[in-house]
Amino acid sequence: MAHDCYYITTPIYYVNAVPHIGNAYTTVCCDVLARFHRQLGQEVLFATGTDEHALKVREVAEGLGMTPLAYVDTMEPKFKQQWASLEIAFDDYIRTPEKRHVEMVQKVFKKLLDSGDIYLGSYEGWYCVSDETFFTKTEVTDERCPNPECRKPLSWVKEENYFFRLSKYQKPLLEYMTSHAGWLKPEYRANEVIAFTRAGLKDQSVSRTNNGWGIPVPGDEKHVIYVWFDALLNYLTVAGYLSDDKKFARVWPPAVQMMGKDIFVRFHCTLWPAMLMALEVAVPDMLVGHGFWTVDGEKISKSKGNVVYATALIRELAELSGSPEDIAADAIRYFLLREVPFGSDGDFSKQALISRFNSDLANDLGNLLNRTLSMLHRYFGGEVPPGAKNNEELAHQADTLAKEVRAALDDIQFSKALEAIWEFVSSGNKYVEQNAPWALHREGKETELAEVLYNTLETARVVTVLIAPFMPSAATKMWRQLGLKGSPGSVNWEKDVRFGGLKSGTKCGSADPIFPRIDTAKSTLQSKDQKSEATKPLIQFDEFKKLDIRIARILNAEHVEGADKLLKLTVDTGENEPRTVVAGIAQHYQAETLPGRSIVLLANLAPAKIRGVESQGMLLAADVDGRAILLQPDQNEEAPPGAIVR
Ligand code: MSP
């Protein structure tokens, strides 16, 4: 369908935890499509955000002794930091407690109450707090959530609820699904949706008893609106539904709505389009359900301690490869989209990431551009030589490739698009090997040499345009190295993917490798144990309360005999007697500079003898690459010895 605006959405994320690599996958997929459509010159509205009225948010906030609203506010910067590090260029970021959303949801609820599609009834059945899902008796076999990704214990709920007449839309939904091939992607998922719909859709409870967190039901504040009903409507809020008619007319319906397979069938392919049908609003053009990621073969889970966060992974890869963080982020984006055919489940491992980094990026892509640029500098002073002819084969391949990439992305087949691009990269590299420009130079065949370098650089230029949506920073750096102006993300796509665009006389930049090869022999991959250090399981506030952390002041510091890393500190902890604490900081702090300093001490750690000295507590320090960096209270405030830290 032709669109004024390419509107693409991610699900809105629960805020009980920072997004991990699995959640990030959904957002990266959307970002690539959004960037691609911007390249095509379309107006794009790429929306993401957070789903904040969940019960578990209330539980987490309570555990932290915070109000839900105070807690959710702390999460926005954390989400935005993850997205910024992954170079996610969203156009709108919606949070469900925002006024624009609350007002719209209440208007919709009222509208459906008035039309009779929402009615008051009573609910008795199972509820999964983690998935925020109602389940019927027949769906539940062992009092645990039937969703295989969840399996948490269920709660039995009996309460007065408002219901949405979902059953009424079973038939129209089935008709729509069966007559619109390609509406659901990948297409094999459509069968599951059709089977689920055919099995019968029961009216859906759309309210819960108001316990102080959620959007109140208009006119009946004993209830709050069911969090999924509230959350799905975010897509309408962003589009300006019932608030900005002009915008809504331009933006609606969404071109693509992307999500994981766990929330595809029940929520996005049945409840959501039925809600739209009830509102007499067009359903989205395409609903897309991707697969799930595991890490090292296991389900991503806090209790397993295998959660991978984008920011930490980017930092680690940047360090390992010696590349800047934006390039490391690009490599991770590439890995996620290349590693599995879209729709399938994938397994993330650092070994697999490094191996893709080295083979596809450092070797294949690196060779194509850097090797050629070095020769251009050596043989032609870094300037694109005049008079070179297009190599017909490469030019023809570029033409087909552009069409292939476009078709693959229209069909949401990222790995297919990347495979096709990499075939072209290989053709470029083979062309260099076959024509051996170094030999042409030796033999003084200047015209042929110019032609080979020109065609290889031109291959690299076309590749740069095509990879820009996937790897925006690397593409920009390649563009600069090719001596080109502007940005590969905002080209005239139709024209710039055509072979032959590089002008003679263009002064190219230096040939620094963008993806420096990782030395796998030296690469210090974190072991499983170290990993669980980085992501520990959640603890309850009660467990935290067992720790006696307090401010202490160092009175004296001396070396522990025979141990060059240890200092024996005498510290004032606000108690009657000073304590002795042994700390492994001797290599980073000189003993004589320490007396008078305030530190943070874990005071109720069981005493232990270290090198014959009894240590009565543990000083807290940040571990930065093995360096101990002392924590100390705010210098502008008075925090006396004995002050409790919590
Ligand atoms: N809040 C709901 C969505 C409401 S949209 C109206 C929600 N949030 S979520 O934070 O749990 O999940 C958000 C996205 O992350 C979903 O697309 C989900 O499928 C995806 N993933 C969560 N774990 C994942 C993996 N392990 N692998 C891939 N995607 C994963 O559901």
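Just name the residue that is farthest from the chain's Cα centre (by Cα) out of those in the range 286-299 that are on the phi < 0 side of the Ramachandran plot and outside any strand (DSSP E or B). Step through it out loud before you land on a result.
The initial filter retains those residues of the range 286-299 that are on the phi < 0 side of the Ramachandran plot, namely 286-295, 298-299.
Keeping just the survivors that are outside any strand (DSSP E or B) gives 286, 291-292.
Details: Met286: 21, Gly291: 14, Phe292: 13 Å.
Looking at residues that are on the phi < 0 side of the Ramachandran plot and outside any strand (DSSP E or B), I get Met286.
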- the range 437-459, residues that are surrounded by fewer than 22 Cβ atoms within 10 Å (Cβ to Cβ) and under 20 Å from Asn390 (Cβ atoms): Leu440, Lys445, Glu446, Thr447, Glu448, Glu451
- Looking across the range 257-266 at residues that are more than 7 Å from the ligand (Cβ to nearest atom) and in a helix (DSSP H, G or I), the single one that is surrounded by the most Cβ atoms within 10 Å (Cβ to Cβ) is Phe264
- Task: Can you tell me which residue within the range 300-312, out of those that are hydroxyl-bearing (Ser, Thr, Tyr) and touching a residue at least 24 places away in the same chain (Cβ under 8 Å), is nearest to the ligand (Cβ to nearest atom)?
- Result: Tyr309
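This table checks each residue for (1) more than 34 Å from the chain's Cα centre (by Cα); (2) part of a loop (DSSP other than H, G, I, E, B); (3) within 16 Å of the ligand (Cβ to nearest atom).
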residue	(1), (2), (3)
Phe134	no, no, yes
Glu160	yes, no, no
Glu175	yes, no, no
Thr178	no, no, no
Ala181	no, yes, no
Glu192	no, no, yes
Gly212	no, yes, no
Asp230	no, no, yes
Leu236	no, no, yes
- Task: Could you identify the single residue in Val238, Val224, Val217 that is farther than 24 Å from Pro253 by Cα, of a type in the set (Val, Ile, Thr) and surrounded by 24 or more Cβ atoms within 10 Å (Cβ to Cβ)?
- Result: Val217
- Does the range 198-209 contain at least one residue that is surrounded by fewer than 17 Cβ atoms within 10 Å (Cβ to Cβ), within 20 Å of Lys261 (Cβ to Cβ) and hydrophobic (A, V, I, L, M, F, W, C)? yes
- Any chance Arg315 is crowded, with 20+ Cβ neighbours inside 10 Å and either more than 11 Å from the ligand (Cβ to nearest atom) or among the aromatic types (Phe, Trp, Tyr) (or both): no
- Top-ranked residue of the range 580-598 - restricted to ones that are of a type in the set (S, T, N, Q) and exposed (fewer than 14 other Cβ atoms within 10 Å of the Cβ), ranked as farthest from Gln632 (Cα to Cα): Gln587
- Filter the range 285-299 for residues that are buried (at least 20 other Cβ atoms within 10 Å of the Cβ) and more than 12 Å from Gly22 (Cβ to Cβ); which is farthest from the ligand (Cβ to nearest atom)? Met286
- Within the range 243-263, can you find the residues that are charged (D, E, K, R) and without any contact (Cβ under 8 Å) to a residue 24 or more places away in the chain? Asp244, Asp245, Lys246, Lys247
- Looking at Glu160, Glu132, which is the one that is surrounded by 16 or more Cβ atoms within 10 Å (Cβ to Cβ), in contact (Cβ under 8 Å) with a residue 12 or more places away in the chain and farther than 30 Å from Asp411 by Cβ? Glu132
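For every residue, the table says whether it meets (1) buried (at least 16 other Cβ atoms within 10 Å of the Cβ); (2) modelled with pLDDT of 95 or more; (3) in a helix (DSSP H, G or I); (4) within 11 Å of the ligand (Cβ to nearest atom).
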position: Pro19; (1), (2), (3), (4): yes, no, no, yes
position: Cys29; (1), (2), (3), (4): yes, yes, yes, yes
position: Gly41; (1), (2), (3), (4): no, yes, no, no
position: Gly49; (1), (2), (3), (4): yes, yes, no, yes
position: Glu59; (1), (2), (3), (4): no, no, yes, no
position: Gly65; (1), (2), (3), (4): no, no, no, no
position: Trp83; (1), (2), (3), (4): yes, yes, yes, no
position: His101; (1), (2), (3), (4): yes, yes, yes, no
- Answer residue from the range 372-384, given it is surrounded by fewer than 20 Cβ atoms within 10 Å (Cβ to Cβ) and either modelled with pLDDT under 95 or not basic (Lys, Arg) (or both) and is farthest from Tyr431 (Cα to Cα) among those: Gly381
- Message: From the list Lys246, Lys302, exactly one residue is out of contact with any strand residue (DSSP E or B) (no Cβ under 7 Å at 6 or more places or on another chain), assigned to a helix (DSSP H, G or I) and more than 24 Å from Arg165 (Cα to Cα). Which is it?
- Response: Lys246
- Note on the structure: Reported set for the range 599-611 where residues are assigned to a loop (DSSP other than H, G, I, E, B) and either closer than 22 Å to Pro633 by Cβ or in contact with a strand residue (DSSP E or B) (Cβ under 8 Å, 6 or more places away or on another chain) (or both) is Ala603, Asn604, Leu605, Pro607, Arg611
- Inspect all residues belonging to the range 334-342 and state whether any of them is under 29 Å from the mean Cα position of the chain (by Cα), away from the ligand (no atom under 16 Å from the Cβ), under 26 Å from Glu494 (Cα atoms) and crowded, with 18+ Cβ neighbours inside 10 Å. yes
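The values are calculated or read from the model by the stated rules, or taken from the named source; none is laboratory data. Everything numeric in this text was worked out from a predicted model, so none of it was measured. Note that we place each Cβ from the backbone using ideal geometry, even for glycine, and neighbour counts take in every protein chain shown.
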